[in-house]
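The values are calculated or read from the model by the stated rules, or taken from the named source; none is laboratory data. In this text, all values refer to a predicted model and were calculated from it rather than measured experimentally. FYI the Cβ positions are ideal-geometry reconstructions off the backbone, even for glycines, and counts take in every protein chain you see.
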Amino acid sequence: MNFAQSISVCLGKYVDFSGRATRSEFWWFFLFQLLVSIVASFLGGTISSLVSLALLLPALAVGARRLHDIGKSGWWQLISFTVIGILLLIYWFVQPSDEGSNQHDKEPAAA
């Protein structure tokens, strides 16, 4: 997946926390978010805050999908509130995809 495709998919799945995201999709979107945030910081605090808020949900969604891709729950993103947790998430985000499906990309069974 290239840079433009990644941004298109991530913004298209703005609040889609189900499914999977490849390493390239996650990291290209991370780079996009970083570049946009840097540019917005030069435009002022209000613009920077609005950009950060606008990109928060897609970043959380692609992070959850990336964790699903390695067999983890998206809720693991909550450990980013600790320094050790950030390091663990980075380690997980660079891991290769699990083969096959996992429990996180299946819909709940109907009762």
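Of note:
- Residue in segment 25-83 that is nearest to MET1 (Cα to Cα), counting only those that are touching a residue at least 12 places away in the same chain (Cβ under 8 Å) and of a type in the set (Val, Ile, Thr): VAL62
- The combined condition, being closer than 20 Å to GLN77 by Cβ, surrounded by fewer than 13 Cβ atoms within 10 Å (Cβ to Cβ) and touching a residue at least 40 places away in the same chain (Cβ under 8 Å), is fulfilled by VAL15.
- Flag if PHE30 is under 10 Å from the mean Cα position of the chain (by Cα) and either under 22 Å from LEU89 (Cα atoms) or not aliphatic (A, V, I, L, M) (or both): yes
- Complete set of residues in segment 70-88 that are of a type outside the set (A, V, I, L, M, F, W, C) and part of a helix (DSSP H, G or I): GLY74, GLN77, SER80, GLY85
- Annotation: of all residues in segment 45-67 being out of contact with any Ser or Thr (no Cβ under 7 Å at 6 or more places or on another chain) and over 17 Å from GLY12 (Cβ atoms), the one that is modelled with the lowest pLDDT is GLY45.
- Residue in segment 81-88 that is surrounded by 12 or more Cβ atoms within 10 Å (Cβ to Cβ) and under 11 Å from the mean Cα position of the chain (by Cα) present: no
- Selection from segment 89-111 of residues that are in a helix (DSSP H, G or I) and modelled with pLDDT under 90: GLN103, HIS104, ASP105
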